[in-house]
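See structure below.
The values are calculated or read from the model by the stated rules, or taken from the named source; none is laboratory data. Note that this is a predicted model, so its numbers are computed, not measured. When we count neighbours, we look across all protein chains shown, and the Cβ atoms used for this are built from the backbone with ideal geometry, even at glycine.
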Amino acid sequence: MLRLTVGDDGVGWPARADVLGVRAQRAVAGLIVGGALGLAGVMLQCLLRNPLASPDLLGLASGAGLGVMIAAYTAFLAGAIAPTAIGGGIGAGALIGACAALALIYLLSQRRGLIDPVSLVLVGVVMSLMCGSGTVLVQHLMPDRGAAASRWLFGALSDDTSWRQLAVIGAAVVACLAFGVRSGPAMDAASLGEDEARSVGVNLGVLRAGLFAASGVLSACAVVLAGPVGFVGLVCPHAARMVGGPGHRWLTLNATLAGAGLVVLADAAVKSINLDAGRLPISVVTSLIGGPFFIWLLRQGQRDQM
């Protein structure tokens, strides 16, 4: 409701129905993006058994962004008039980029068959930087220097997203959420260790494949709608765990709701801030919240090891 009432004057409901419709579309897009990132964070933390795993820190968002820019550049080469429109090529590029980044991180961060937490974070940071550099390179190869695809570089919701596009992407997020809720008990067992999970009949191969695919799809969905939005996938799972406990069946639901609420509130905040230079990207607000929280998590981990 708050997002629908925030306007240029900061108060009141919009007088025109079309303005209200645009704001409603933007609010729904924020719900989908935030929910996708929160849920992806839970799945990545379970898959990699690392509390610091999230789509942005591990480079999934950057990989998806690189895939989107390559798809947009390919559309330019093919003579497309509006390559930034959400379509099969853009969505496929985001999905391939996110899954490729996750696969490389998963392989490169292993030591003796086990994922090393320090290597995981370092490889994720390097992957994020490399994909970011590749995105800038492709941007400068485009005729307009990537101006038409700029929102995929800074993390911002678009007013041009249609209800049909939101329905398709929202259905993918709901399907991943249903998988997460159904796999909650198996995720609980997998978090304890491989031997414990196998002792209760959990097929770790199938579970990991499902988490891998779902986290890639969720990261791609978020990037297609808003570009890279930082720290939502890190903050919301931990906040949901503090409130509702570590059980993954409820954790997936709570983290999805927390992520949706955070992104919508961040979008309302940037809409209410009037800057002469233009609208502030929502990733700025989420990073200002998530940065201190990330440092706090690192400090807590250091204290637990002492």
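Determine if segment 244-256 includes at least one residue that is more than 18 Å from the chain's Cα centre (by Cα), within 19 Å of L48 (Cα to Cα) and without any contact (Cβ under 8 Å) to a residue 24 or more places away in the chain. No: segment 244-256 contains no residue that is more than 18 Å from the chain's Cα centre (by Cα), within 19 Å of L48 (Cα to Cα) and without any contact (Cβ under 8 Å) to a residue 24 or more places away in the chain.
Condition first: at pLDDT 90 or above, in contact with a Leu (Cβ under 9 Å, 6 or more places away or on another chain) and either under 18 Å from L31 (Cα atoms) or not charged (D, E, K, R) (or both). Can you find one or more residues in segment 109-117 that meet it? So that I can check it myself, show each step before the final result.
First, the residues of segment 109-117 that are at pLDDT 90 or above: none.
For segment 109-117, residues at pLDDT 90 or above, in contact with a Leu (Cβ under 9 Å, 6 or more places away or on another chain) and either under 18 Å from L31 (Cα atoms) or not charged (D, E, K, R) (or both): absent.
Determine whether G65 is at pLDDT below 90, of a type in the set (G, A, S) and crowded, with 24+ Cβ neighbours inside 10 Å. Answer is yes for this residue.
Against the condition surrounded by 24 or more Cβ atoms within 10 Å (Cβ to Cβ), in contact with a Ser or Thr (Cβ under 6 Å, 6 or more places away or on another chain), modelled with pLDDT under 90 and in a helix (DSSP H, G or I), how does M43 come out, does it pass?
no
Counting residues in segment 163-185 that are under 12 Å from L47 (Cα atoms) and at pLDDT below 90 gives zero. Looking at segment 182-198, can you tell me whether even one residue there is under 17 Å from the mean Cα position of the chain (by Cα), under 22 Å from P55 (Cβ atoms) and either crowded, with 18+ Cβ neighbours inside 10 Å or not hydrophobic (A, V, I, L, M, F, W, C) (or both)? Within segment 182-198, not a single residue is under 17 Å from the mean Cα position of the chain (by Cα), under 22 Å from P55 (Cβ atoms) and either crowded, with 18+ Cβ neighbours inside 10 Å or not hydrophobic (A, V, I, L, M, F, W, C) (or both). Among the residues of segment 143-160, are any surrounded by 14 or more Cβ atoms within 10 Å (Cβ to Cβ), of a type in the set (S, T, N, Q) and at pLDDT 80 or above? Within segment 143-160, none of the residues are surrounded by 14 or more Cβ atoms within 10 Å (Cβ to Cβ), of a type in the set (S, T, N, Q) and at pLDDT 80 or above.
Look at G261 and say whether it is farther than 26 Å from R49 by Cβ and either in contact (Cβ under 8 Å) with a residue 24 or more places away in the chain or in contact with a Lys or Arg (Cβ under 6 Å, 6 or more places away or on another chain) (or both). When the stated conditions are applied, G261 passes them. In segment 122-133, the residues that are in contact (Cβ under 8 Å) with a residue 12 or more places away in the chain and on the phi < 0 side of the Ramachandran plot form Cβ pairs under 7 Å with partners that are surrounded by fewer than 21 Cβ atoms within 10 Å (Cβ to Cβ) and part of a helix (DSSP H, G or I), at six or more places apart or across chains, as follows: V123/L108; M127/L104. Residue by residue through segment 91-137, note down the ones that are more than 19 Å from the chain's Cα centre (by Cα) and crowded, with 22+ Cβ neighbours inside 10 Å. Hit for segment 91-137 is S109, nothing else.
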